[in-house]
Amino acid sequence: MNDDWQINRRKLLAAIGTTGSAALLFQALHGGGGGFGGVVQAVYGGGGGAGLEKHIGVDSIEALREVDRTKATKAYAAGYYIPGDGGGGLYALDAGDAASPDNGGTVIVASDGGRWKLCATGIVSVKQFGAKGNGTSDDGANIQAAVSALGGKRLFFPKGAYIAASITIASSIDWVGEGPESVIRQKELSNRNFIQVGGIGTQVSLFDLTIDQNSQQQTYGQGKFALNCTAVGQGISRPAILHTERVHMTNTCEGAIRFLGDRTETNREMLRVVRCRFTNGSESRSSPAYNTFTLYIADAATAAIEGCHFEHTPSESGEGIPAISVAGTNVSSVEYSKLSITDNYFSGYGRFTNGSGIGVIDLYIWSRNVVLTGNRLENSHVAPIRGKVNADNLVVSGNVIHGVTQHIPSSASGISLVPATVGPVAGRYVITDNIVKGSGFRGIEITGTADNKPELVEVSGNMIDTAADIGIYVGNVKHFTIANNMISDTGGSGITYALCEGNGKIADNLIKAAGSTGIGYVGVQKSLCLSIAGNMIESPASQGIAAENIGELLLHGNIVKNVASVNGTQRAFRIGGTSAVDIASVKNNVVSGTVASGPVTYTGAGVTALQEEGNSWNGAVKYGSAAPTTGTYAQGDIVYNTTPVPGGGIGWVCTSAGSPGAWKAFGTIEE
């Protein structure tokens, strides 16, 4: 064999030592195929046979293009441009191929027409397609060539900064980096979607990367999304999937990710965002009008955002940015529309542009199952969890909300949910075990409409500390339970129920320092059957419990303490109303401490059929054989006769307080 073509063992080993960590070793560790082994055989002579005499080494891909295909069957390029630059690799001559085009990476066409093909193609580095990753060179064409050539495979981004105007993905592929230092940055003044995913049944995964849209170098108002997915699925067997994991998306323009489904049951478009980080997104503005997002999801079959970190520092000139905005599907399949947002952290989000607000997590969906659990939302600028939701099942549980600024009137509730104006009727809402502290409006509010009332609503186990208005508001729903909540320091009522129907239960809540009524109401609710039981209300500013203008009322076992009364006319309990309460049982309630205007008042038309007994204002009940002659008693105290006889009395009632006071017999027993 000609010595000029003989492979240089020392040079080859040196090249492997330089580039292996960036490509060849990564391939070997991830099952990339025989590239690494092939090189070892060429160096040490393994495998035997005359074929070894046709292994050669070259410095670059340019040199590979000059190899005479009659002189060798395999060639090792020590780099793409120069030895050790991370490119190159082991190539084999495909003598039977005379048609494949040169793609700059996995297929190299030599000057004599020989097709040299990269041996290890399980995972390929962008540097093997000529990307430099030096932060200044435009690597867009090289990355695009790699993406187009590697359908169904993995593309590796070694540490570095890769510049590109835009990249299009039309077939399934995985992108894999080495962590935050593997940066893909959009070229200045590109003003377009940075990474565009399309095609049919396309399945794309991105791991361990930083995607920097370079918003400071784009034209404000013209930049688009960092990652825009419009791929369409082909049913369960071939869904379109976008999966991002451990990806940092920063300096975004219109948004970090936009994921658009096709709004059908037949196809499937699925999004999963796991342990990603989102920072420094552009804010919305009214002038020039520019509405921005972080994640925008529309009509996804399944969307899951898990364990991500969203952090934004609001600017003085901007008008905020939402973290997750979801527009839902109009499908009916149980298997189709599902959304879960779990265990994420948010700080500084919420949009308040053009007089309207978009929440940190903002929903406009008609979906089958929606789960929002375990999220932490801090320093929000509009309602942290806000949505128009017509879901069969909606669960908001275990979230911690701390600090909500009210930029727009009535827009800063901790959790604010209403039915959507389109789609099927709202189903079941379960709001449990959340903590809301420092809300600029209400703590939790569930508000239906006259035409679309949520069927079942449960608000339980929540803790609400300091809300500018009402602690928990439930309005225009069919059946509801508000139970076991702790509410303190509200500007308005602790709990308000409004324009509801069906059956309601308000039980075992602890309400302290309500700025108005402890438990209050709005409107006439004659079709409501309501139980208010076991609640403890301390220091309401106006009254303890108001129950008026409803159908049936059970008011049992509540404790109201220290009613301040802002105008001297309110009571611990206010019952009746202009439309009356049809039937009421008022038993075993306790009024304690200072109550400015007495324990109970029956207002307006009062109660049509009333059973009242055992309440603290009904007087003490004692037993004896005669009216008391010693001790101090209040008016209304009763002593039941323990030795009744025919013609005698049932007992004695105190008609004037004193020691022992004035007593009169009541209730003659028949002879």
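Listed values, structure above:
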| quantity | calculated |
| --- | --- |
| Any hit, region 158-169, residues being in contact (Cβ under 8 Å) with a residue 12 or more places away in the chain, in contact with a Phe, Trp or Tyr (Cβ under 7 Å, 6 or more places away or on another chain), among the aromatic types (F, W, Y) and part of a strand (DSSP E or B) | no |
| Residue count, region 402-419 (criterion: at pLDDT below 90 and assigned to a loop (DSSP other than H, G, I, E, B)) | 9 |
| Q222 vs. criteria under 22 Å from P180 (Cα atoms), in contact (Cβ under 8 Å) with a residue 24 or more places away in the chain, surrounded by fewer than 19 Cβ atoms within 10 Å (Cβ to Cβ) and polar (S, T, N, Q) | no |
| Residues of region 631-652 classified as assigned to a strand (DSSP E or B) and in contact (Cβ under 8 Å) with a residue 24 or more places away in the chain, total | 3 |
| Residue match in region 292-301 (condition: among the polar types (S, T, N, Q) and in contact with a Leu (Cβ under 7 Å, 6 or more places away or on another chain)) | no |
| Qualifying residues in region 261-297 (those that are assigned to a strand (DSSP E or B) and at pLDDT below 90) - the one surrounded by the most Cβ atoms within 10 Å (Cβ to Cβ) | E269 |
| Some residue of region 107-126 being surrounded by 18 or more Cβ atoms within 10 Å (Cβ to Cβ) and within 28 Å of N191 (Cβ to Cβ) | yes |
| Only listed residue being among the acidic types (D, E) and modelled with pLDDT under 95, chosen from E538, E501 | E501 |
| Single match in L242, L189, L206 (criterion: within 22 Å of S337 (Cβ to Cβ) and of a type in the set (A, V, I, L, M)) | L242 |
| Residue in region 508-519 that is within 19 Å of V430 (Cα to Cα), in contact with a strand residue (DSSP E or B) (Cβ under 8 Å, 6 or more places away or on another chain) and buried (at least 18 other Cβ atoms within 10 Å of the Cβ) present | yes |
| Selection status of T608, free of Cβ contacts under 8 Å to residues at least 40 places away in the same chain and either assigned by TED's automatic domain parsing to the domain that holds G557 or of a type in the set (A, V, I, L, M) (or both) | yes |
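The values are calculated or read from the model by the stated rules, or taken from the named source; none is laboratory data. Note that the structure is predicted; figures quoted are calculated from it, not measured. Here the Cβ is made from the backbone with ideal geometry for all residues, glycine too, and neighbour counts use every protein chain on show.
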